[in-house]
Amino acid sequence: MFGTIIYQKQSFILFCLILLVPALLIGQDKLTLEQAWVIALKNNYTIQQQENLIEKAREEISIQKTDYYPSLSTSGLLARANFDKFPMKLPNESGKVGIDLISLSVNQSIFTGLRTKNLVASAHEKLAAQEIKKSMIYNTVLIEVGNLYYDIQYNLLQQNALESSINRINNQQKRIYNLYLSELATPFDTLEVSNKKLQIENQLAIIEDAEKILWSNLSYLLNEEELPPLSPLSPELIQFTLQEHTAYIQLATQTRPELKNLSAQKKAQIIYSDVLKTRYYPQLSASFGFNFLKMTGDLFIDEWTNFYSVMINFQWELWNWNRDSKKVQQARLDIQNLELQELQLIQDIKHQIKVAYQNLQSAQKKIKLQQKLVSQEKERYRITDERYNQGLATFLDLDSSELAYTEAETELHKYYITWYKNRLQLDFATGKINQNIEEVSND
């Protein structure tokens, strides 16, 4: 029941996403992370395959329920026998007998040890497991797209920092060239600034090439060829508030789909064990038939006749070399393995949350310290630039301050992305990463 609710909710969300995709792509100037998620979920083939598996599991429930109802069947028999010595005393020596039989029967199971009920219950749990697995695929797609999205953002931030550095170097180059014309700077100074600019441009070219590869990967994940540029990040809007570590663990035990999936699998396996145990009990069924019969031979008249038949079938396998009990034992071992997987998964989730939580705390401290350092390096560069124009600082001083400013900015950008990615990892670990998708569909 719980899995069905999840499936219906996700189906509604996916339907809303499908309606949203054209609006996101047509006339869209910037691509946000939430919009990239929408496109990925709509175009993902694995999700579409899982939809088919869910429908297959739903059909399995209908198949198992058919055993509750009587079945209608027809059969025919055509037999001829020619005995050299007839096994009955006959008035003549003929040993020919013919039987033609056509039957229409209704068959109904009466007692199967609750086999049908357990098979239907097991099919329900398997359906729930498939529906929850779809949520697992959702979250996997979201974390993959999210990490790649932030890799591209970091690449763009690096480019911005290097382009700003090139602009500052261009200004330096103009001033040094004017000083050189005034014989206040040496040729070495002009060569040094030109070399530095070339180094930065080489770094920028490498990062731009890496961006192309990242965009190819994003296009592959989203299964979309034409994508708009990314919407710029707003690091100043980061909310650094975190709950207690235990609160995230408690949330994960309630919302993580992998735990729900294992629970559904375990329930299905327990029910399957009960299905196997029904082999311990006798099987009772009944059939009602309407038959057409014609028998030929010296003892019979060669005419069709009809008759009704009612049969009760009783079957009880008394000994099969412990085959059924061994199958039950196998099912118990499968249940134990699922319980061990659940314990391992809980341990893995706790570790994932702990690592992401600690990384967020570390990134928060680094961002605050690095913001101060960027501000100081910016001011240092401004002062050094003024002192250089006044002839109170050397070019090496100016070059050092500019390099330190650029490196401080780049490092700050790295810490921002570290925060974003670990925040995403924490949402994945707690199982609530798809909440933003629900918010988009609601809007």
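Here is a yes/no grid of residues against (1) among the polar types (S, T, N, Q); (2) under 18 Å from the mean Cα position of the chain (by Cα); (3) under 14 Å from Ala36 (Cα atoms):
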{"residue": "Pro229", "(1), (2), (3)": "no, no, yes"}
{"residue": "Phe240", "(1), (2), (3)": "no, no, no"}
{"residue": "Glu244", "(1), (2), (3)": "no, no, no"}
{"residue": "Ala247", "(1), (2), (3)": "no, no, no"}
{"residue": "Ala252", "(1), (2), (3)": "no, yes, no"}
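Please verify whether Phe307 is in contact (Cβ under 8 Å) with a residue 60 or more places away in the chain and either within 20 Å of Leu101 (Cα to Cα) or outside any helix (DSSP H, G or I) (or both), treating the condition exactly as stated.
Against the criterion (in contact (Cβ under 8 Å) with a residue 60 or more places away in the chain and either within 20 Å of Leu101 (Cα to Cα) or outside any helix (DSSP H, G or I) (or both)), Phe307 does not qualify.
Criterion first (buried (at least 16 other Cβ atoms within 10 Å of the Cβ), under 18 Å from the mean Cα position of the chain (by Cα) and not aliphatic (A, V, I, L, M)) does Glu258 satisfy it? It is true that Glu258 is buried (at least 16 other Cβ atoms within 10 Å of the Cβ), under 18 Å from the mean Cα position of the chain (by Cα) and not aliphatic (A, V, I, L, M).
Here's the yes/no breakdown for (1) in the same structural domain as Asn52 (by TED's automatic domain parsing); (2) of a type in the set (Ser, Thr, Tyr); (3) surrounded by 16 or more Cβ atoms within 10 Å (Cβ to Cβ):
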| position | (1), (2), (3) |
| --- | --- |
| Glu125 | yes, no, yes |
| Lys133 | yes, no, yes |
| Ile143 | yes, no, yes |
| Gly146 | yes, no, yes |
| Glu163 | yes, no, no |
| Gln173 | yes, no, yes |
| Tyr177 | yes, yes, no |
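A single entry from Glu183, Glu236, Glu225 fulfils the requirement of being of a type in the set (Asp, Glu), assigned by TED's automatic domain parsing to the domain that holds Tyr149 and modelled with pLDDT of 90 or more: Glu225.
Taking the criterion of being farther than 30 Å from Asn223 by Cβ and free of Cβ contacts under 8 Å to residues at least 24 places away in the same chain, the only residue of region 96-148 that qualifies is Lys117. Taken as a whole, the condition of being loosely packed, with under 15 Cβ neighbours inside 10 Å, farther than 23 Å from Ile176 by Cα and more than 39 Å from the chain's Cα centre (by Cα) does not apply to Gln361.
Against the criterion of being within 28 Å of the chain's Cα centre (by Cα), surrounded by fewer than 17 Cβ atoms within 10 Å (Cβ to Cβ) and part of a helix (DSSP H, G or I), Gln159 does not qualify. Of the listed requirements (1) surrounded by fewer than 20 Cβ atoms within 10 Å (Cβ to Cβ); (2) more than 23 Å from the chain's Cα centre (by Cα); (3) not basic (Lys, Arg), Val355 misses just one: (2).
Condition check for Ser94 on (1) polar (S, T, N, Q); (2) in the same structural domain as Thr32 (by TED's automatic domain parsing); (3) at pLDDT below 90: one failure, at (2). Set side by side, the residues Ser194, Ser231, Ser216 differ, and just one is among the small types (Gly, Ala, Ser), modelled with pLDDT of 95 or more and either buried (at least 19 other Cβ atoms within 10 Å of the Cβ) or under 30 Å from Leu412 (Cβ atoms) (or both), which is Ser216.
Please work out if Met295 is over 20 Å from Met136 (Cβ atoms) and either surrounded by fewer than 16 Cβ atoms within 10 Å (Cβ to Cβ) or free of Cβ contacts under 8 Å to residues at least 40 places away in the same chain (or both). The answer is no for Met295.
The set of residues in region 30-45 that are of a type outside the set (D, E, K, R) and surrounded by 12 or more Cβ atoms within 10 Å (Cβ to Cβ) comprises Leu31, Thr32, Leu33, Gln35, Ala36, Trp37, Val38, Ile39, Ala40, Leu41, Asn43, Asn44. Scanning region 101-119 for residues that are surrounded by fewer than 16 Cβ atoms within 10 Å (Cβ to Cβ) and in a strand (DSSP E or B) turns up Leu101, Leu104, Val106, Asn107, Gln108, Ile110, Phe111.
Go over the candidates Leu251, Leu242 one by one and state the one that is aliphatic (A, V, I, L, M), under 30 Å from Glu144 (Cβ atoms) and surrounded by 15 or more Cβ atoms within 10 Å (Cβ to Cβ).
On the way: Leu242 fails: surrounded by 15 or more Cβ atoms within 10 Å (Cβ to Cβ).
From the options Leu251, Leu242, the qualifying one is Leu251.
Applying the condition of being small (Gly, Ala, Ser) and either part of a helix (DSSP H, G or I) or surrounded by 12 or more Cβ atoms within 10 Å (Cβ to Cβ) (or both) to region 364-399 and asking which residue is modelled with the lowest pLDDT yields Ala393.
Restricting attention to region 323-357, the residues that are farther than 23 Å from Glu258 by Cα and touching a helix residue (DSSP H, G or I) at 6+ places or on another chain (Cβ under 9 Å) total 6.
The values are calculated or read from the model by the stated rules, or taken from the named source; none is laboratory data. Treat the numbers as computed from the prediction; the structure is a model and nothing was measured. As a convention, Cβ positions derive from the backbone with ideal geometry for all residues, glycine included, and neighbour counts pool all protein chains shown.
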